[in-house]
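Read through the structure below, which is laid out as structure tokens, and then see the notes.
The values are calculated or read from the model by the stated rules, or taken from the named source; none is laboratory data. Just so you know, these numbers come straight off a predicted model, no measurement behind them. Glycine gets a Cβ as well: all are built from the backbone with ideal geometry, and neighbour counts include every protein chain shown. Areas reflect the complete protein model, heavy atoms only, side chains present, ligands, DNA and RNA absent. Shrake-Rupley method; radii C 1.70, N 1.55, O 1.52, S 1.80 Å.
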Amino acid sequence: MSDLSFAVSPEATASVHDDGVVILHLGNGRFYTCNGPGARIWRAIEQRLSLEAIAQEISSAYDIALNTAHQHTVRFLAELELHALIRQQAAL
């Protein structure tokens, strides 16, 4: 999974703020909210960064071990994917 990048689903639109992000799934009308780290990950997805690059950014930004950042990032990405807000693609 480390060589993957992710793309925002065409069904999702987001509003990123300093303290988080609000995501709207246009297909089902549901809103999802995330905190600051979630907003950072969302921005990284918009930039189509790889999983490793996202985990590295989270590790640096929040001064946590890379392994911990990787585990939390994988869980968060899986949650976004479960709700059809993002999709996996091969890293560019």
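Table for the structure above
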quantity	calculated
Selected residue (criterion: nearest to the chain's Cα centre (by Cα)) from residues of the stretch 42-61 that are open to solvent by less than 40 Å² (accessible area, probe 1.4 Å) and not hydrophobic (A, V, I, L, M, F, W, C)	50
Residue 45 of a type outside the set (D, E, K, R), in a helix (DSSP H, G or I) and closer than 14 Å to residue 9 by Cα	yes
Residue 64 being aliphatic (A, V, I, L, M), at negative phi and open to solvent by less than 20 Å² (accessible area, probe 1.4 Å)	no
Pair list, Cβ < 8 Å and 6+ apart or interchain, from the stretch 25-41 residues that are open to solvent by 60 Å² or more (accessible area, probe 1.4 Å) to residues that are modelled with pLDDT of 95 or more and β-branched (Val, Ile, Thr)	26/13; 31/22; 31/23; 33/21; 33/22; 33/23; 40/58
Qualifying residue in the stretch 14-23 (condition: in contact with a His (Cβ under 9 Å, 6 or more places away or on another chain) and open to solvent by less than 70 Å² (accessible area, probe 1.4 Å))	yes
